[in-house]
Amino acid sequence: MERSIRVLRVGQRYVRDDRTLTHLCLVSRALGAEAIYLEDAEKDVTATLDEVNRTWGGDFEVVLGVTWRKMVQEARKEGRSVVHLTMYGLPIQEVAPKLREVDKLLIVVGGPKVPGRVYHEADYNVAITSQPHSEVAALAIALHEIQSGEELKRTFRKSRLRILPSARGKRVVEN
Ligand SMILES: C[S@@+](CC[C@H](N)C(=O)[O-])C[C@H]1O[C@@H](n2cnc3c(N)ncnc32)[C@H](O)[C@@H]1O
């Protein structure tokens, strides 16, 4: 099955936290999502990911300044299921078999505060353990569980550099 996964980060910043947002983008890109939508971020994040795409390939997209409501409405229109990651949801190990059968997903992660409506609008509220941790960790595990590890074998088109995996040291070739 050809799967399309997009990620939405809900929330306005209290303090500038581009490092977390950049990590969300990098994890989304590396682990098989095609785009991330950020409600609130600086343009630097987009520039960083453009550079990563140029160097390491693929056409992962970062979209800034969208509201979560609009994204959820658009997801509905195109038949995309909305999966909200929250410690209060149902365990990923119970929900993952169902999610593996869905071809279009919008995975929603929060920042410091998630509006209550998000819990109601989501098709699935999913927990990666019922303990508090991090949106980056939650996203990585959700992507891994939904794609059953297939995302680890992915290659990226048109990269400038490519790593030759090795037991020791760094081996990098130019394409
Ligand atoms: C720092 S946490 C904020 C937790 C906050 N108490 C809340 O839910 O509004 C930021 C985000 O990480 C994700 N997250 C944290 N722990 C999680 C867990 N155990 N399962 C799923 N997602 C989690 C959620 O997307 C959450 O919105």
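At a glance:
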item: Some residue of segment 156-173 being under 27 Å from Asp17 (Cα atoms) and not aliphatic (A, V, I, L, M); result: no
item: Exclusive hit being assigned to a loop (DSSP other than H, G, I, E, B), under 25 Å from Leu21 (Cβ atoms) and among the hydrophobic types (A, V, I, L, M, F, W, C), set Val72, Val126, Val82, Val114; result: Val114
item: Search result, residues across segment 1-60 that are small (Gly, Ala, Ser) and assigned to a helix (DSSP H, G or I); result: Ser28, Ala30, Ala47
item: Scope segment 158-172; condition over 14 Å from Asp50 (Cα atoms), surrounded by 10 or more Cβ atoms within 10 Å (Cβ to Cβ) and under 27 Å from the mean Cα position of the chain (by Cα); matching residues; result: Leu161, Arg162, Ile163
item: So Val15, is it more than 27 Å from Arg100 (Cα to Cα) and at pLDDT below 90; result: yes
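Each row is one residue, and each column tells you yes or no for (1) out of contact with any helix residue (DSSP H, G or I) (no Cβ under 6 Å at 6 or more places or on another chain); (2) farther than 21 Å from Glu39 by Cα.
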position	(1), (2)
Val62	no, no
Arg76	yes, no
Pro91	yes, yes
Val136	no, no
Arg168	yes, yes
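The values are calculated or read from the model by the stated rules, or taken from the named source; none is laboratory data. Since the model is a prediction, treat every value here as computed from it, not as a measurement. Every residue, glycine as well, gets a Cβ built from its backbone with ideal geometry; the counts of neighbours run over all protein chains shown.
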